[in-house]
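Enquirer: Would you mind keeping the following structure in view while I ask a few things?
Since every read-out is calculated from the coordinates, none of them should be taken as a lab result. Note that this is a predicted model, so its numbers are computed, not measured. So basically every Cβ, Gly included, is an ideal-geometry build from the backbone, and we count neighbours across all protein chains shown.
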Amino acid sequence: MAIDFQSNRHLDEELVMLRRLLFEMSDVVDEQVAGAIDAVSNCDVELARRVRERDDEVDRLELDVDRQCERILALFTPVAVDLRLIISAVKVNTDLERIGDHAKNLAKNTQQLESCSDLIGRTRIREMADEARAVLHEAQDAFMKQDRVLARKVLAHDRLVDRLHDETLKTIASLIRKHPERANELVHLVNMGKSVERIADHAKNIAELVVFLVEGIDIRHRGAREASAEEAGNETG
């Protein structure tokens with residue numbers, strides 16, 4: 001059977017374009033997250049406003065990535081690692097867009113707390129936000145380099161963010177009991193903490209997709225898969 005080298009070359013070019021769009025989107029989302037974290041740390045309402053305005057740019061790039069994936073699937077019949085790249089790209093695209101949404105929500109809540117530094121300083125939101133951005137950086141690097149070892153490190157790092165989130169929620173609950181007159185402000189801190197935690201969760205999703213892309217192994221929801229496999233085995237036994 002003859003190999004269509006021309007078709008393979010065109011597919012490679014389209015995949016390069018797909019990666020370029022994903023990397024561009026990743027950079028924009030990282031800048032949006034960094035801006036949101038700085039806005040939180042400094043209670044900077046003007047910076048928070050600019051972060052929210054960038055959401056349209058993220059949405060535009062999400063559509064560009066989707067269209068590029070659709071184009072490749074329509075023009076070619078990718079298999080093996082190329083097909084895994086398309087599947088991963090669609091999911092990474094969604095995770096990046098949602099990270100951008102959570103950065104926007106973080107900025108939105110910051111705008112509701114112009115004099116929030118005393119409250120934020122009593123929680124671990126700033127530390128959690130820094131750790132969440134570190135998780136995002138690791139996930140982005142793992143995806144760009146297709147580094148499965150780094151991707152697996154992201155999973156452990158995400159657990160640290162989860163612990164900080166739990167501590168922050170306990171602190172906020174204590175503050176609400178001590179200062180019920182500031183309950184409305186503290187609810188915004190709960191929302192901010194949740195947005196930071198979700199940023200790290202979506203970064204973890206990207207890391208899991210890197211393992212799938214490189215190894216062809218889906219490591220998501222391992223407990224559910226094992227339970228399903230055990231149930232299937234009992235039915236056939």
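Enquirer: Considering all alpha-carbon pairs of the stretch 7-223, what whole percent are spaced by more than 27 angstrom? Don't skip to the end; give the middle numbers.
Expert: Details: 8476 of 23436 pairs.
So the pairs more than 27 Å apart make up 36 percent of the total in the stretch 7-223.
Enquirer: Does the stretch 1-112 classify as rounded, prolate or oblate by the C-alpha gyration tensor (a ≥ b ≥ c root eigenvalues; a/c under 1.5 gives rounded; else a/b over b/c gives prolate, otherwise oblate)? All intermediate terms of the calculation are to be shown ahead of the outcome.
Expert: Values: a/c = 3.82, a/b = 3.67, b/c = 1.04.
Prolate, because a/c is 1.5 or more and a/b exceeds b/c.
Enquirer: If you don't mind, there's one more thing I want to ask. Quick check: Cα centre of the stretch 125-176 to Cα centre of the stretch 1-73, how many Å?
Expert: 21 Å
Enquirer: Further question on the same structure: Using only helices, what value at 222 nm comes out for the chain when you add -39,500 (n - 2.57) per DSSP H run of length 4 or more and divide by the total residues, to the nearest 500 deg cm²/dmol? Please list the in-between numbers first.
Expert: Working: 9 runs with 204 residues, N = 237.
The helix-only estimate for the chain comes to -30000 deg cm²/dmol at 222 nm.
Enquirer: Among the trypsin sites (Lys or Arg not before Pro) in the stretch 61-170, which ones are in a DSSP loop with at most 10 other Cβ atoms within 10 Å of the Cβ? Mind listing them? Spell out each step's value before the answer.
Expert: Working: sites: Arg67, Arg71, Arg84, Lys91, Arg98, Lys104, Lys108, Arg122, Arg124, Arg126, Arg133, Lys145, Arg148, Arg152, Lys153, Arg159, Arg163, Lys170; in loops: Arg122, Arg124.
Filter output for the stretch 61-170: empty list.
Enquirer: In the stretch 34-121, which GluC sites (Glu not before Pro) fall in coil by DSSP and have 12 or fewer other Cβ atoms within 10 Å? Let's see the in-between values first.
Expert: Values: sites: Glu46, Glu53, Glu57, Glu62, Glu70, Glu97, Glu114; in loops: Glu114.
The qualifying sites are Glu114.
Enquirer: Once you keep just the Cα pairs under 8 angstrom separated by 6 or more residues, what percentage relative contact order results for the chain?
Expert: Values: 288 pairs, mean separation 57.5, N = 237.
24 percent.
Enquirer: Checking the a/c ratio against 1.5 first, then a/b against b/c, what shape does the Cα gyration tensor give for the stretch 95-153? Display every interim value, and only then the final one.
Expert: Working: a/c = 4.97, a/b = 2.02, b/c = 2.47.
In terms of gyration-tensor shape, oblate.
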